[in-house]
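Reading through the structure tokens given below for one structure.
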Amino acid sequence: MPDISLTMIVVLCVAALAAGWIDAVVGGGGLLLLPVLLLGLPAGTPAAYALGTNKAVAIVGTSGAAVTYARKAPVDVRLAVRIGIAAVAGSSAGAFLAAGMSTEVLKPLIMVVLLGVAAFVILRPAFGTAPATGPATRRQILAAIGLAGLGIGFYDGLIGPGTGTFLVLALTAVLHLDLVTASATAKIVNCCTNAGALATFAWQGTVLWRLAALMALFNLAGGMLGAHTALKKGSGFVRVVLLTVVFALVVNIAYEQWLA
């Protein structure tokens, strides 16, 4: 465990709980958790340790949410696993390139990512509110494997925050799923991307395991609660949470980057 104050440990655990809930509802919990880790770890700690620890925490909460969704949502588990296998390859490759990335590079990248998500959702007000249109075609499946698996998997290993949100958006757009079903499918895929990236970070020795274990308990509780909430409230609620999370984080990161 690094030299972190008790107050900061409490902050990190609360952030892990909130991130687990957000990630289960609409994805993007890492957009909250990673910046908190970057600020909470001792000065001079390489960014790779925040990335690796974030993965160790996130995989627990994501797994809990995936199990909760799989029990109650109409998820095509076989398709999700096929996309997830491609995501493992993508995330592992991205994680290899992440070790030398600095905090100064991460924050502007996260900012750009958030603005892109916000613009997409605002310009498509009906996005993800219609019921799923039926079984996916072969072309849709291949597109989902390439975009959601390899492409977003690579992003997950390289940077990470927002992966769940991007998976929800990609699966909704490519497979024409409603937001709740897309969130459920994304959790299974995200488990695979987290596993691939975590294996790489663990091999590189950039995971703070004791801190991650403590935060993971809170992330798991948040993830299971968030999945239950999304299943109960439906796609309209998920969309509102998505927009709220994106705008809150845009304001927060912009303040830290240019005004703090």
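Assorted remarks:
- The single residue among Leu17, Leu97 that is under 26 Å from Phe237 (Cβ atoms), part of a helix (DSSP H, G or I) and open to solvent by 40 Å² or more (accessible area, probe 1.4 Å) turns out to be Leu17.
- Test set (1) at pLDDT 90 or above; (2) under 24 Å from Phe247 (Cβ atoms) - Leu34 fails condition number: (1)
- Selection within the stretch 136-171 - in a loop (DSSP other than H, G, I, E, B), touching a residue at least 40 places away in the same chain (Cβ under 8 Å) and over 24 Å from Leu31 (Cβ atoms): Ala136
- Subset of the stretch 244-258 (residues that are touching a helix residue (DSSP H, G or I) at 6+ places or on another chain (Cβ under 6 Å) and surrounded by 14 or more Cβ atoms within 10 Å (Cβ to Cβ)): Val245, Val246, Leu249, Val250, Ile253
- Scanning the stretch 40-51 for residues that are more than 18 Å from Gly164 (Cβ to Cβ) and either surrounded by 19 or more Cβ atoms within 10 Å (Cβ to Cβ) or in contact (Cβ under 8 Å) with a residue 24 or more places away in the chain (or both) yields a count of 8.
- The lone criterion from (1) at pLDDT below 85; (2) more than 13 Å from the chain's Cα centre (by Cα); (3) assigned to a helix (DSSP H, G or I); (4) closer than 23 Å to Leu79 by Cα left unmet by Leu177 is number (3).
- Sole exception among (1) over 16 Å from Leu198 (Cβ atoms); (2) of a type outside the set (Phe, Trp, Tyr); (3) in a helix (DSSP H, G or I) for Ile4, by number: (3)
- Filter result for Ala66 (modelled with pLDDT of 90 or more, surrounded by 21 or more Cβ atoms within 10 Å (Cβ to Cβ) and of a type outside the set (Ser, Thr, Tyr)): no
- Residue within the stretch 199-210 that is of a type in the set (Gly, Ala, Ser), crowded, with 19+ Cβ neighbours inside 10 Å, part of a helix (DSSP H, G or I) and at pLDDT 85 or above present: no
- Matching residues in the stretch 145-194 - criterion: being in contact with a Phe, Trp or Tyr (Cβ under 8 Å, 6 or more places away or on another chain), farther than 23 Å from Lys233 by Cβ and open to solvent by 30 Å² or more (accessible area, probe 1.4 Å): Tyr155
The values are calculated or read from the model by the stated rules, or taken from the named source; none is laboratory data. No experiment lies behind these values; they were computed from the predicted model shown. Cβ sites come from the backbone with ideal geometry, for glycine too, and all protein chains shown count toward neighbours. Ligands, DNA and RNA are excluded from the accessible area calculation, which covers all protein heavy atoms including side chains. Shrake-Rupley method; radii C 1.70, N 1.55, O 1.52, S 1.80 Å.
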